[in-house]
Amino acid sequence: MDTRYTYYPGCSLHATGIAYDKSMRAVFKKLGSELAELEDWNCCGATAYMSVQKTVAFAVSARNLALAEKTGDDVVAPCSACYYALKHTREGMAADPELRAQVEEALAAGGLEADLSVEVRHPLEVLLTDIGIPRLVEAQTNSLEQFRPACYYGCQIVRPFGAVDEDPELPMSMENLFTALGARPVDYPPKVRCCGGMLVATMPEVATELSMDLVDWAVAREANCIVTVCPLCQSNLDLINVTTGGNGASHQIPVLYFTQLIGLAIGCTPEEVGMQHALIPSDAHAPPLRGAPLTIAGSREG
Amino acid sequence: MKTLDPLAGPIAPGVLSKTEQELRAAFLDEIDRIPGGARLNQCIQCGTCTASCPVSHAMDITPRQVIAMFRAGAIGELLESRTIWLCASCYHCTLRCPAQIQITDLIYALKRIAIEEGIFPKRFPVHVMSETFTRNVKRYGRNYEVGLLLRYFLGTKPMGLFARRRAGYALWRHGRIKLRPDKIKDIEQLRKIIAKAETFDLPQEKVTREKVTAAVGYESIGR
């Protein structure tokens, strides 16, 4: 089993998504897999570059693939936008010889070449496929029974590629994972809806509506936390609590990364998985949304 | 900002203005570079895209209408719409389209033409975000969130910063704001790659235009 990966954190995981970075590293370390950060990686281009210049968007993203090919390990990209951009670059170049020739010429100007040999993967799929639920359950030290997560997948990891979960309309991989770890995921119909993404800056009224809807659904389904796979989703949903101002207890719902929840289950400390960076606290010291306090202590029997 | 000829739409059925012909040619060039771009003429106007779009309620032209308007020869109006700047790239339309049209990528193509042509809806500076983003990448190699938002809001709507002070403070207090940008070591390499790639994106005489037009099946409309 290949237990070494090239880690592509992306820009957000060095700033607003720092808790995702910490929990990624903590979980992979605990499971004995090596995450080697890609040396001198650059921005993936996200959705913004594609709006301006197409070939440049591909070339910027392809530099990362070219650098990653030096080790040959699969690239793990936790941010949905990075995952999509890198995968789209790889698939787009493979499908379009003219584009590939142009991108290769651009890379050659920087002394690089890309043979598209490395796979681009999302950590959710890596943890479920390479590690697998049985091994995660085996590694479990703490119960997640206090958690009633609304599992939120968002957009770009489930579509258009559909490599993370076999059903792009109704993914269940996180639900299956967290049920196995003792949590009680709620039925969450808007799990693949858009959080608004960068519209939070450019058209806040539209983005707020989308994010608020996701929070309202989670509250209505009596979830006590929302679990996300993307730093932008996490920021948008977490900030709703702050930006809409004084909305009372009804929207104080913690928004966690799936890796934080896994980390807590397999014995990482709350600090190790970056719980201190959440705007809405969900650790043992703060009351969660309605109902019983969330505790992350309480080890599993035996 | 470029103002469009008010008669930019179809002059008569099957007859397009000069502006519209130019925009159409640019768009056809763009969609030729999208895998499966020619599937555009497979649209059956079922409206699945509009129904799946999380922001269609806020659009002035829905995704289904985007395709209909392109066929009707009204690209000028499409480029001036809110729609192309509202798309958040969630790909739900693309996933569900029964004709497998890459609608999200088509909207990207429209955004690129709008930026290229300098056509933007008034007081609607979404493109500034994309352009600021690309400048950041050229400068540092990475995106710097604080710099991006500061530049964006100072350049477009400074009050937006004031409105976000609580959000900014909350993020800062929780250690999620970085005060200095990360710069990659080999920024020169990245700049060389970008400079080379840009030569392929510059407007150039496309030899493929005839092929594209024929493939999409609109050659008779364009005359």
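The values are calculated or read from the model by the stated rules, or taken from the named source; none is laboratory data. Just so you know, these numbers come straight off a predicted model, no measurement behind them. Cβ placement follows ideal geometry from the backbone for every residue including glycine, while neighbour counts extend to all protein chains displayed. With ligands, DNA and RNA removed, areas are computed over all heavy atoms of the protein, side chains included. Shrake-Rupley method; radii C 1.70, N 1.55, O 1.52, S 1.80 Å.
Go through segment A:64-86 and give me each residue that's surrounded by 24 or more Cβ atoms within 10 Å (Cβ to Cβ) and within 16 Å of A:Ile157 (Cβ to Cβ).
A:Val75, A:Val76, A:Ala77, A:Pro78, A:Cys79, A:Ser80, A:Ala81, A:Cys82, A:Tyr83, A:Tyr84, A:Ala85, A:Leu86
Please go through segment A:169-195 and give me each residue that is touching a Pro at 6+ places or on another chain (Cβ under 8 Å) and closer than 24 Å to A:Ala85 by Cα, ordered by number.
A:Met174, A:Lys191, A:Val192, A:Arg193, A:Cys194
Open to solvent by 10 Å² or more (accessible area, probe 1.4 Å), among the β-branched types (Val, Ile, Thr) and either at the interface with another protein chain (Cβ under 7 Å from one of its Cβ atoms) or not in a helix (DSSP H, G or I) (or both): which single residue out of A:Thr129, A:Thr47 fits that description?
A:Thr47
Return a yes/no flag: does segment B:52-61 have any residue that is within 12 Å of chain A (Cβ to nearest Cβ) and among the charged types (D, E, K, R).
no
Could you look through segment A:141-159, keep only residues that are surrounded by fewer than 24 Cβ atoms within 10 Å (Cβ to Cβ) and in contact with a Lys or Arg (Cβ under 6 Å, 6 or more places away or on another chain), and pick out the one that is farthest from A:Cys79 (Cα to Cα)?
Per the criteria, the residue is A:Ser143.
Inspect all residues belonging to segment A:11-31 and state whether any of them is on the phi > 0 side of the Ramachandran plot and either touching a residue at least 12 places away in the same chain (Cβ under 8 Å) or open to solvent by less than 20 Å² (accessible area, probe 1.4 Å) (or both).
No; the residues of segment A:11-31 include none that is on the phi > 0 side of the Ramachandran plot and either touching a residue at least 12 places away in the same chain (Cβ under 8 Å) or open to solvent by less than 20 Å² (accessible area, probe 1.4 Å) (or both).
Among the residues of segment B:85-95, are any buried (at least 22 other Cβ atoms within 10 Å of the Cβ), of a type outside the set (Asp, Glu), outside any loop (DSSP other than H, G, I, E, B) and at pLDDT below 85?
no
Could you say whether any residue in segment B:153-164 is closer than 16 Å to A:Gly17 by Cβ, in contact (Cβ under 8 Å) with a residue 24 or more places away in the chain and either touching a His at 6+ places or on another chain (Cβ under 9 Å) or more than 9 Å from chain A (Cβ to nearest Cβ) (or both)?
no
Check every one of the helices (runs of 4 or more DSSP H) wholly within segment B:120-223 and list those with 1 or more residues that are more than 21 Å from A:Cys44 (Cα to Cα), at pLDDT 80 or above and of a type outside the set (Phe, Trp, Tyr).
B:145-156, B:159-163, B:165-173
Looking at segment B:119-132, which of the residues that are more than 16 Å from A:Thr55 (Cα to Cα) and facing chain A (nearest Cβ under 8 Å) is surrounded by the fewest Cβ atoms within 10 Å (Cβ to Cβ)?
Looking at the filtered set, the residue picked out is B:Pro125.
Going by the structure shown, is A:Glu105 away from chain B (no Cβ under 14 Å) and of a type in the set (Asp, Glu)?
No: the conditions fail for A:Glu105.
What number of residues within segment A:102-120 satisfy the criterion of being open to solvent by 70 Å² or more (accessible area, probe 1.4 Å) and within 24 Å of A:Val76 (Cβ to Cβ)?
The qualifying residues number 4.
Test B:Glu116 against the stated conditions and say whether it is within 26 Å of A:Pro9 (Cα to Cα) and either open to solvent by 10 Å² or more (accessible area, probe 1.4 Å) or not hydrophobic (A, V, I, L, M, F, W, C) (or both).
For B:Glu116, the condition - within 26 Å of A:Pro9 (Cα to Cα) and either open to solvent by 10 Å² or more (accessible area, probe 1.4 Å) or not hydrophobic (A, V, I, L, M, F, W, C) (or both) - is not met.
Can you tell me which residue in segment B:83-100 is nearest to the other protein chains (Cβ to nearest Cβ), limited to those that are closer than 20 Å to B:Gln42 by Cβ, touching a residue at least 40 places away in the same chain (Cβ under 8 Å) and of a type outside the set (S, T, N, Q)?
Residue satisfying both the conditions and the ranking: B:Leu95.
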